[in-house]
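What follows is a set of notes on a single structure, which appears directly below.
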Amino acid sequence: MTLGRILVVDDEPQIRRFLRPALAAAGYDVIEAENGADAIKAAATSAPDVIILDLGLPDMDGKDVIANLRGWSTLPIIILSARDRETEKIAALDLGADDYIEKPFGIGELTARIRTAMRHVGKSESLPSSIEADGLSIDTQRRIVARDGASIKLTPKEYDLLTLLAHHAGRVVTHRTLLTSVWGPAHGEDLHYLRVFIGQLRQKVERDAAQPKIIQTESGVGYRFVTE
C-alpha cells in the first residue's frame with residue numbers, strides 16, 4: 001500500500017530521475033510530466049494526490065499551470081523551482097500554490113512538505129475546534145488562546161491573524177493574503193503594519209519571540225504557522 005500518488009512536473013530529466021526513486025523509497029507512487037500541457041492532462045486523468053511543479057517549463061510558465069488547475073481542482077501544489085525571486089514565489093502562492101521549495105533541495109524537506117499538503121486534502125474549510133503548537137492552544141469555538149494552560153489576551157485583529165495562520169498550518173501564507181483577509185483589500189501593501197502585528201503576536205504566543213518556533217518568517221514572502 002502506497003502513501004499516495006505524486007505528479008512530478010519538471011522538464012529536467014535529471015530532476016525526475018532523482019525524484020522518482022527517492023519518492024518511491026518514501027512510499028509514494030510517482031507519475032511524470034515534462035511540460036505544462038502534459039501536467040494538466042495528467043492531473044485530470046491520473047488522480048494524483050499532490051503535484052510537484054517546476055515554474056520553468058518549455059511550453060508555458062508554471063504559474064499558468066497553477067491558474068489552469070485552480071480553475072477546476074483543489075489538488076495540493078508544491079512549487080519546486082530554481083527561481084529565487086520573491087515576486088515569483090508570491091505570484092505562485094497567490095495563484096493558489098500551497099507551498100514552495102527552492103532548488104537545490106533535500107528529499108527530507110520535500111517529503112515533509114508533501115505530508116503537510118496531504119493532511120489538508122479533504123479537510124473542511126472551517127477551523128478545527130482546537131489547535132495546538134509548542135505549548136500554545138487555540139480553542140476556536142470559545143475564542144480562547146492559552147500557553148501552558150495560562151490564558152493569553154489577544155486583540156480581535158491579533159486573534160484573526162493567529163487563526164488565519166493556524167488554519168493554513170504548515171503552509172506559507174503570503175503578506176498580501178494576510179493583509180487583505182484580516183484588514184481588507186485596501187491594506188494589501190501595508191507590510192510594515194503586518195510586521196508590527198506579527199511582532200506583537202509573537203511576544204504573546206511564543207516562548208521566545210526572538211527565536212519564534214510557531215510563527216516562522218518566509219523571508220520576503222509571508223509567514224508559516226508550525227505545529228511540529
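For the stretch 34-52, what are the residues that are of a type in the set (A, V, I, L, M, F, W, C), open to solvent by 40 Å² or more (accessible area, probe 1.4 Å) and part of a helix (DSSP H, G or I)?
Ala37, Ala44
Please specify each residue of the stretch 182-227 satisfying the condition of being among the acidic types (Asp, Glu) and either modelled with pLDDT of 95 or more or over 15 Å from the mean Cα position of the chain (by Cα) (or both).
Scanning the stretch 182-227 gives Glu189, Asp190, Glu206, Asp208.
Which residue is most open to solvent (accessible area, probe 1.4 Å), if the candidates are limited to the stretch 164-181 and must be farther than 20 Å from Arg113 by Cβ and at pLDDT below 90?
Looking at residues that are farther than 20 Å from Arg113 by Cβ and at pLDDT below 90, I get Arg176.
Taking the options Leu93, Leu55, name whichever one is surrounded by 20 or more Cβ atoms within 10 Å (Cβ to Cβ), touching a helix residue (DSSP H, G or I) at 6+ places or on another chain (Cβ under 6 Å) and within 21 Å of Val221 (Cβ to Cβ). Can you show your working first?
Working: Leu93 fails: touching a helix residue (DSSP H, G or I) at 6+ places or on another chain (Cβ under 6 Å).
The match here is Leu55.
Can you tell me which of (1) of a type in the set (Ser, Thr, Tyr); (2) in a strand (DSSP E or B); (3) closer than 30 Å to Gly62 by Cβ is the one Thr177 doesn't meet?
(2)
For the list (1) closer than 20 Å to Leu75 by Cα; (2) hydrophobic (A, V, I, L, M, F, W, C); (3) open to solvent by 30 Å² or more (accessible area, probe 1.4 Å); (4) outside any strand (DSSP E or B), I need the number of the one condition that Ile31 fails.
With respect to (1) closer than 20 Å to Leu75 by Cα; (2) hydrophobic (A, V, I, L, M, F, W, C); (3) open to solvent by 30 Å² or more (accessible area, probe 1.4 Å); (4) outside any strand (DSSP E or B), Ile31 is out only on (4).
Every residue in the stretch 182-228 that is in a strand (DSSP E or B), farther than 13 Å from Ala166 by Cα and open to solvent by less than 30 Å² (accessible area, probe 1.4 Å), please.
If the condition is that a residue be in a strand (DSSP E or B), farther than 13 Å from Ala166 by Cα and open to solvent by less than 30 Å² (accessible area, probe 1.4 Å), then Gly222 is the only one that fits.
Go through the stretch 16-30 and count every residue that is among the hydrophobic types (A, V, I, L, M, F, W, C) and within 22 Å of the chain's Cα centre (by Cα).
Counting residues in the stretch 16-30 that are among the hydrophobic types (A, V, I, L, M, F, W, C) and within 22 Å of the chain's Cα centre (by Cα) gives 5.
Restricting attention to the stretch 62-72, does a residue exist that is within 15 Å of the chain's Cα centre (by Cα), more than 19 Å from Glu218 (Cα to Cα) and surrounded by 15 or more Cβ atoms within 10 Å (Cβ to Cβ)?
Within the stretch 62-72 (the criterion being within 15 Å of the chain's Cα centre (by Cα), more than 19 Å from Glu218 (Cα to Cα) and surrounded by 15 or more Cβ atoms within 10 Å (Cβ to Cβ)), the answer is yes, since at least one residue qualifies.
Restrict the check to the stretch 15-28 and report whether at least one residue is open to solvent by 20 Å² or more (accessible area, probe 1.4 Å), modelled with pLDDT of 90 or more, under 24 Å from Ile107 (Cβ atoms) and not in a helix (DSSP H, G or I). Before the answer, list the steps.
Going through the stretch 15-28, the residues open to solvent by 20 Å² or more (accessible area, probe 1.4 Å) turn out to be 15-18, 20-22, 24-27.
From the residues that got through so far, the ones that are modelled with pLDDT of 90 or more too are 15-18, 20-22, 24-27.
Still in the running and under 24 Å from Ile107 (Cβ atoms): 15-18, 20-22, 24-27.
From the residues that got through so far, the ones that are not in a helix (DSSP H, G or I) too are 26-27.
Within the stretch 15-28, one or more residues are open to solvent by 20 Å² or more (accessible area, probe 1.4 Å), modelled with pLDDT of 90 or more, under 24 Å from Ile107 (Cβ atoms) and not in a helix (DSSP H, G or I).
Step by step: first the residues of the stretch 135-163, then only those that are open to solvent by less than 20 Å² (accessible area, probe 1.4 Å) and of a type outside the set (Gly, Ala, Ser), then the one that is nearest to Val182 (Cα to Cα). Which residue is that?
In the first step, residues of the stretch 135-163 are kept if they are open to solvent by less than 20 Å² (accessible area, probe 1.4 Å); the result is 136, 138, 145-146, 158-159, 161-163.
Add one more test, that the residue is of a type outside the set (Gly, Ala, Ser), and what stays is 136, 138, 145, 158-159, 161-163.
Values: Leu136: 21, Ile138: 18, Val145: 18, Glu158: 9, Tyr159: 10, Leu161: 6, Leu162: 10, Thr163: 10 Å.
It comes out as Leu161.
Across the stretch 110-130, what is the number of residues that are at pLDDT below 90 and either part of a strand (DSSP E or B) or among the β-branched types (Val, Ile, Thr) (or both)?
Result for the stretch 110-130: 3.
Looking for whichever is touching a Ser or Thr at 6+ places or on another chain (Cβ under 9 Å) and assigned to a loop (DSSP other than H, G, I, E, B) here; the options are Ala169, Ala97, Ala146. Which one fits? Please lay out each step first, then the result.
Details: Ala97 fails: touching a Ser or Thr at 6+ places or on another chain (Cβ under 9 Å); Ala146 fails: assigned to a loop (DSSP other than H, G, I, E, B).
Criteria check complete, one pass: Ala169.
The values are calculated or read from the model by the stated rules, or taken from the named source; none is laboratory data. No experiment lies behind these values; they were computed from the predicted model shown. As a convention, Cβ positions derive from the backbone with ideal geometry for all residues, glycine included, and neighbour counts pool all protein chains shown. Each accessible area value is taken on the protein alone, full model and side chains, heavy atoms only, with ligands, DNA and RNA left out. Shrake-Rupley method; radii C 1.70, N 1.55, O 1.52, S 1.80 Å.
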